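Input: a single structure, listed below in structure tokens.
The values are calculated or read from the model by the stated rules, or taken from the named source; none is laboratory data. Predicted model only: the values in this text are computed from it and were never measured. Note that each Cβ is placed from the backbone with ideal geometry, even for glycine, and that neighbours are counted across all protein chains shown.
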Amino acid sequence: MKKILFMALSLMTFCVVNAQNVKDEISKSIERAQNLQKLCDEYKTCGDADVDGYGNSMRDAAVFAIANSEQLENLYKREIGESKDGVQDVTVKKPTLDEWIALASTIAGEGVKIKDATDKASSAATAAKNLASAASDIKNPMKAAKAVKIAKAATAVVTFGTKAAPILAEESAAQAKAVKQIIDMLKSGKNL
């Protein structure tokens, strides 16, 4: 009897600790999504194809990450039957395995955008450097002012990517890990 009681208490403790870990991860994810949203709100193109291609890919990946984070939080809260304010709600329809798998595929799409941005990063940095160098070589003050403006905008795009990349990498990894764990749990528990 003591063994059964001990096992039941251990299982309950594991579930509470695991649920708390997931809630902590969700709050970290929300914070990362807010940081990405702030960066995206400040993002502006510069007019150079290489630099803008990089910046747009990075922005698209960030938009995917933000949307995936919100969707993941919603699916998780539906899975445990909890409302936005943390109140237990038994009327919530649990998500299906297909919904989880669809989220996993959109997270993979986010990864494709990140890879696309990564592939364009070096050419964007080189283009921004070349724009700054070319701006300093222009003798006509009117043309130089315009070139400096474009060079600053290109540098801002590269800086945007530099700031967004580590947040995106962390968020994408956390999303993929969470979805994999939940899908494995659903499959193993035949909780469909």
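Just one of the numbered conditions (1) loosely packed, with under 15 Cβ neighbours inside 10 Å; (2) assigned to a helix (DSSP H, G or I); (3) at pLDDT below 90 is not true of residue 113: (1).
The condition of being in a helix (DSSP H, G or I) and either more than 21 Å from residue 68 (Cα to Cα) or in contact with a helix residue (DSSP H, G or I) (Cβ under 7 Å, 6 or more places away or on another chain) (or both) holds for only one of 173, 134, that being 134. For residues that are in contact with a Phe, Trp or Tyr (Cβ under 9 Å, 6 or more places away or on another chain) and at pLDDT 80 or above, scanning just region 26-41, find the one that is surrounded by the fewest Cβ atoms within 10 Å (Cβ to Cβ). Checking each candidate, the answer is 40.
Flag: residue 93 does not match the condition of being at pLDDT below 80 and under 21 Å from the mean Cα position of the chain (by Cα).
Here is a check on your reading of the model: is residue 179 within 18 Å of the chain's Cα centre (by Cα), at pLDDT below 80 and in a helix (DSSP H, G or I)?
Details: within 18 Å of the chain's Cα centre (by Cα): yes; at pLDDT below 80: yes; in a helix (DSSP H, G or I): yes.
So residue 179 passes the test.
Hey, does region 138-158 have a residue that's part of a loop (DSSP other than H, G, I, E, B), charged (D, E, K, R) and more than 26 Å from residue 107 (Cβ to Cβ)? Yes, the conditions are met somewhere in region 138-158. Checked against (1) basic (Lys, Arg); (2) modelled with pLDDT of 80 or more; (3) outside any helix (DSSP H, G or I), residue 84 meets all criteria but (2).
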